[in-house]
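Peer 1: Could you have a look at this structure, given as structure tokens, before my questions?
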Amino acid sequence: DPIKKEVSKTFGFCCWKSGPLNVVLSLPVGGYVPGQDIPVTVDIENGSDIPIREVKCTLRKVRILSVMFSVYRGMTSK
């Protein structure tokens, strides 16, 4: 399934606030294999009057371990 993350931020305080800075990051799929290219799309809409100097993307590896087991108790008779 495609991944899409949206973040919006406004700058300022009290009676002075800028327009929003909206960032949308998307990936075509949610899982990749080692060595596979990962196409990343970042859309930035800067409604604020603060210039954007740099955009950085960080990739994190998340491991999820799922364990399923059943307990068998043998019955003995005397």
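The values are calculated or read from the model by the stated rules, or taken from the named source; none is laboratory data. Computed from a predicted structure; not experimentally measured. Glycine also receives a Cβ, built like all others from the backbone with ideal geometry; neighbour counts cover every protein chain displayed. Protein only, heavy atoms only, side chains kept; ligands, DNA and RNA dropped before computing areas. Shrake-Rupley method; radii C 1.70, N 1.55, O 1.52, S 1.80 Å.
Peer 1: Given the criteria surrounded by fewer than 11 Cβ atoms within 10 Å (Cβ to Cβ) and at pLDDT 85 or above, does ILE3 qualify?
Peer 2: In short, no.
Peer 1: Anything in the range 6-16 that is at pLDDT 90 or above and open to solvent by 90 Å² or more (accessible area, probe 1.4 Å)? List them, or say none.
Peer 2: GLU6, LYS9
Peer 1: Also, quick follow-up: What are the residues in the range 50-78 that are of a type in the set (D, E, K, R) and either modelled with pLDDT under 85 or outside any loop (DSSP other than H, G, I, E, B) (or both), if any?
Peer 2: The answer is ARG60, LYS61, ARG63, ARG73, LYS78.
Peer 1: Any residue in the range 1-12 that's of a type in the set (Val, Ile, Thr): show its pairings with residues that are assigned to a loop (DSSP other than H, G, I, E, B) and open to solvent by less than 80 Å² (accessible area, probe 1.4 Å) at Cβ separation under 9 Å, as long as the two are six or more apart or on different chains.
Peer 2: If the second residue must be assigned to a loop (DSSP other than H, G, I, E, B) and open to solvent by less than 80 Å² (accessible area, probe 1.4 Å), the pairs left are ILE3/PRO28; ILE3/VAL29; ILE3/GLY30; THR10/SER18; THR10/GLY19; THR10/PRO20; THR10/GLY47; THR10/SER48.
Peer 1: Restricting to the range 17-49, count the residues that are acidic (Asp, Glu) and either assigned to a loop (DSSP other than H, G, I, E, B) or open to solvent by less than 60 Å² (accessible area, probe 1.4 Å) (or both).
Peer 2: Residues meeting the conditions: 2.
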